[in-house]
Amino acid sequence: MIQQISINKTLGIGIIGTGTIGQDHIKRCTNFLSGVKVVAVSDIDKKSAQNAISTYGLNAKAYESGDDLIHAKDVDAVIIASSGKTHAKYILSSIKAGKFIFCEKPLATTIEDCQAILDAEQKYGQRLVQVGFMRSYDRRYQELKQIVQSEKLGPILMVHAAHRNRQSSENFMSEMVITDTLIHEIDIFRWILKDEFVSVEMIFPRKTSKAKDILQDPQVAILKTRSGIMVNVELFVNCQYGYDIHCEIVGELGIANLPPPAAVSVSQNGKRYDQLFANWKDWFLEAYNIEIQEFINECLAGKLKGPDAWRGYMATFVANFCIQSQKTHSKIAIPIVKCPVFYSQQ
């Protein structure tokens, strides 16, 4: 169930980016969630922003730029769903304006931009940034974390995971397997294991004929944590059969498996089968709704509790070394960095 708070105020949300995920957030804020109103939208494609207003019947203004939207007086909080390279400038502008920010991953595409965001938020003196790592709002991952932290499995030894997409877009490149796909596993396993990665090796199995020339697919990431846990992740973005996530955590005393979403089993014509999801939006629908509702509630209460900018920084930090391994075809050491006190005390 989505937790809601009783405050006699409606949060005015401005959404930058009206592509697929931006429109999903408009839809959930308008039709399913409480305490919120979409009052502003902006997109590099002005027609897309106008179409979003018409499609969802919004009483909202389409702004010429994201910066104009951020500084609008009726915008209390900003959802950034634009391309990753634009995230840093919009986050920094929002912090300067004193607005709460929900930013889809990545926090930023470079370590330098991530650091600038950390510096700006700490200088402001209050948490304003939340990163869209929706898996930590998924009840299955929450249960996995509880089981691991309860030590029911004993010391954790290994994690076997897979992240598969039915197909990728025409412009999906090899690096994007890390920045758009693996980045979720990087974040969620740091969160579940409460451990840091110290090395990575990217391995290229036989390439599928379904991948374009600019894309090596599938790939396998082999990561090791400071405590010695080996995490291997299969990344296959043109698997053809559907969207599929697997996770098996192996401990000294037992094994925990991530269950798939509940689906009706169908028996027909001598066969029994389960319906598969076509994309990530359906697999994590409940988690997305909970994530955004809690962000709304916390904005209204004046204090964010969700995935912070430090988690966003670390995901981009580790991904950077994964890309180095990808390019050099070698095992790469990942240095340990200390979490700033500002974030460790949140």
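The values are calculated or read from the model by the stated rules, or taken from the named source; none is laboratory data. In this text, all values refer to a predicted model and were calculated from it rather than measured experimentally. Note that each Cβ is placed from the backbone with ideal geometry, even for glycine, and that neighbours are counted across all protein chains shown.
Brief remarks on what is shown
- Residues of segment 210-225 classified as of a type outside the set (A, V, I, L, M), in a loop (DSSP other than H, G, I, E, B) and in contact (Cβ under 8 Å) with a residue 24 or more places away in the chain, total: 4
- Where residue 148 falls short, out of the listed (1) in the same structural domain as residue 320 (by TED's automatic domain parsing); (2) surrounded by fewer than 17 Cβ atoms within 10 Å (Cβ to Cβ); (3) touching a residue at least 24 places away in the same chain (Cβ under 8 Å): (2)
- Taking the criterion of being in a helix (DSSP H, G or I) and charged (D, E, K, R), the residues of segment 109-151 that qualify are 112, 113, 119, 121, 123, 135, 139, 140, 143, 145.
- For segment 96-125, residues that are in contact with a strand residue (DSSP E or B) (Cβ under 7 Å, 6 or more places away or on another chain) and either loosely packed, with under 14 Cβ neighbours inside 10 Å or of a type in the set (A, V, I, L, M, F, W, C) (or both) total 6.
- Meets criteria (assigned to a loop (DSSP other than H, G, I, E, B), within 22 Å of the chain's Cα centre (by Cα) and buried (at least 20 other Cβ atoms within 10 Å of the Cβ)) for residue 172: yes
- Candidates are the residues of segment 35-58 that are exposed (fewer than 14 other Cβ atoms within 10 Å of the Cβ) and among the small types (Gly, Ala, Ser); the one that is nearest to residue 299 (Cα to Cα) is 57.
- Selection count, segment 158-190, where residues are farther than 18 Å from residue 232 by Cβ and among the hydrophobic types (A, V, I, L, M, F, W, C): 3
- Listed here are the strands (runs of 3 or more DSSP E) enclosed by segment 1-108 that have at least 1 residues being touching a helix residue (DSSP H, G or I) at 6+ places or on another chain (Cβ under 7 Å), without any contact (Cβ under 8 Å) to a residue 24 or more places away in the chain and among the aliphatic types (A, V, I, L, M): 61-63.
- Any hit, segment 329-338, residues being under 25 Å from residue 167 (Cα atoms) and assigned by TED's automatic domain parsing to the domain that holds residue 211: yes
- Within segment 187-209, considering residues that are of a type outside the set (Ser, Thr, Tyr), out of contact with any strand residue (DSSP E or B) (no Cβ under 9 Å at 6 or more places or on another chain) and assigned to a loop (DSSP other than H, G, I, E, B), the one surrounded by the most Cβ atoms within 10 Å (Cβ to Cβ): 207
- Condition check for residue 207: outside the structural domain of residue 298 (by TED's automatic domain parsing) and free of Cβ contacts under 8 Å to residues at least 12 places away in the same chain: yes
To keep it simple, each residue is scored yes or no on (1) within 17 Å of residue 332 (Cβ to Cβ); (2) at pLDDT 95 or above; (3) of a type in the set (Val, Ile, Thr).
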| position | (1), (2), (3) |
| --- | --- |
| 175 | yes, yes, no |
| 178 | yes, yes, yes |
| 201 | yes, yes, no |
| 213 | no, no, no |
| 225 | yes, yes, yes |
| 244 | no, no, no |
| 261 | no, no, no |
| 272 | no, no, no |
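- Test: residue 2 is of a type in the set (A, V, I, L, M, F, W, C), modelled with pLDDT under 95 and within 29 Å of residue 188 (Cα to Cα): yes
- Here the strands (runs of 3 or more DSSP E) wholly within segment 231-274 that include at least 3 residues being surrounded by 16 or more Cβ atoms within 10 Å (Cβ to Cβ) are 244-251.
- Pick from segment 311-334, criterion of a type in the set (S, T, N, Q) and outside any loop (DSSP other than H, G, I, E, B), ranking: surrounded by the fewest Cβ atoms within 10 Å (Cβ to Cβ): 328
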